[in-house]
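Shown next, in structure tokens, is the structure this report addresses.
The values are calculated or read from the model by the stated rules, or taken from the named source; none is laboratory data. Bear in mind that the values here come from a model prediction, so they are computed numbers and not experimental data. Note: ideal-geometry Cβ built from the backbone for every residue, glycine included; neighbour counts use all protein chains shown.
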């Protein structure tokens, strides 16, 4: 890590992550390279290696930031809302993910590559935030459904979080994929992030 104030270090890390995020709006994970990221930062490509050794580490940092934003949104709602029905809780989670399409996109397409291509300390920092997201959702279950058995809450967590990996691929289908499904006779029914999440959460809470 280069010498400098913690503020400067964090600012440069954020600039790199922002550059990656910008490229990801028009390019795929495979197309993006550290050279491409360096082209849209204010410093050289070689300087990026002072902060991230691989593009996978940069994407993992972007995913970590997306989780942090999701967690903050959930906590704010949970803290200011005293009670929720099952439908209201499903609505809250569905809206929270509807606002974080990029979170769902990254985690569904590149999760394995990011984790295997990152150093242990970067992976541990990410897992800490991922764990916090689980605890945050669990805190909502504890607060609004105190009569729900511990096993029921655990079943919710172990179903809902793996389910999140499939939301983006199902709700964002390319014309090529749509044409292939039609040719194969697959009856694809379009659902939004909100719709698919709301239905899943409601079913899980209703047992």
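At a glance:
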{"quantity": "Conditions (1) closer than 16 Å to residue 113 by Cβ; (2) touching a helix residue (DSSP H, G or I) at 6+ places or on another chain (Cβ under 8 Å); (3) not in a helix (DSSP H, G or I); number of the one not met by residue 63", "calculated": "(3)"}
{"quantity": "Residue in the stretch 177-197 that is farthest from residue 132 (Cα to Cα), counting only those that are at pLDDT below 95 and part of a helix (DSSP H, G or I)", "calculated": "183"}
{"quantity": "Any hit, the stretch 6-17, residues being under 21 Å from residue 107 (Cβ atoms) and either part of a loop (DSSP other than H, G, I, E, B) or in the same structural domain as residue 110 (by TED's automatic domain parsing) (or both)", "calculated": "no"}
{"quantity": "Residues within the stretch 103-140 that are over 15 Å from the mean Cα position of the chain (by Cα), assigned to a helix (DSSP H, G or I) and in contact (Cβ under 8 Å) with a residue 24 or more places away in the chain, tallied", "calculated": "4"}
{"quantity": "Considering residues of the stretch 15-40 that are farther than 19 Å from residue 64 by Cβ and touching a helix residue (DSSP H, G or I) at 6+ places or on another chain (Cβ under 7 Å) only, the residue surrounded by the fewest Cβ atoms within 10 Å (Cβ to Cβ)", "calculated": "35"}
{"quantity": "Sole residue being under 30 Å from residue 198 (Cβ atoms) and without any contact (Cβ under 8 Å) to a residue 60 or more places away in the chain, chosen from 36, 68, 99", "calculated": "99"}
{"quantity": "So residue 89, is it more than 11 Å from the chain's Cα centre (by Cα) and crowded, with 20+ Cβ neighbours inside 10 Å", "calculated": "yes"}
{"quantity": "Qualifying residue in the stretch 30-47 (condition: assigned to a helix (DSSP H, G or I), modelled with pLDDT of 90 or more, closer than 17 Å to residue 125 by Cα and not assigned by TED's automatic domain parsing to the domain that holds residue 174)", "calculated": "no"}
{"quantity": "Output for the stretch 141-154, where each listed residue is more than 25 Å from residue 107 (Cα to Cα), in contact with a helix residue (DSSP H, G or I) (Cβ under 8 Å, 6 or more places away or on another chain) and part of a helix (DSSP H, G or I)", "calculated": "142, 143, 144"}
{"quantity": "Filter result for residue 25 (within 20 Å of residue 193 (Cα to Cα) and either free of Cβ contacts under 8 Å to residues at least 60 places away in the same chain or not assigned by TED's automatic domain parsing to the domain that holds residue 156 (or both))", "calculated": "yes"}
{"quantity": "Scan of the stretch 155-176 for residues that are in contact with a helix residue (DSSP H, G or I) (Cβ under 9 Å, 6 or more places away or on another chain), more than 19 Å from residue 75 (Cα to Cα) and part of a helix (DSSP H, G or I), ordered by number", "calculated": "155, 159, 163, 167, 168, 169, 170, 171"}
{"quantity": "Unmet criterion (only one of (1) without any contact (Cβ under 8 Å) to a residue 12 or more places away in the chain; (2) part of a helix (DSSP H, G or I)) for residue 204", "calculated": "(1)"}
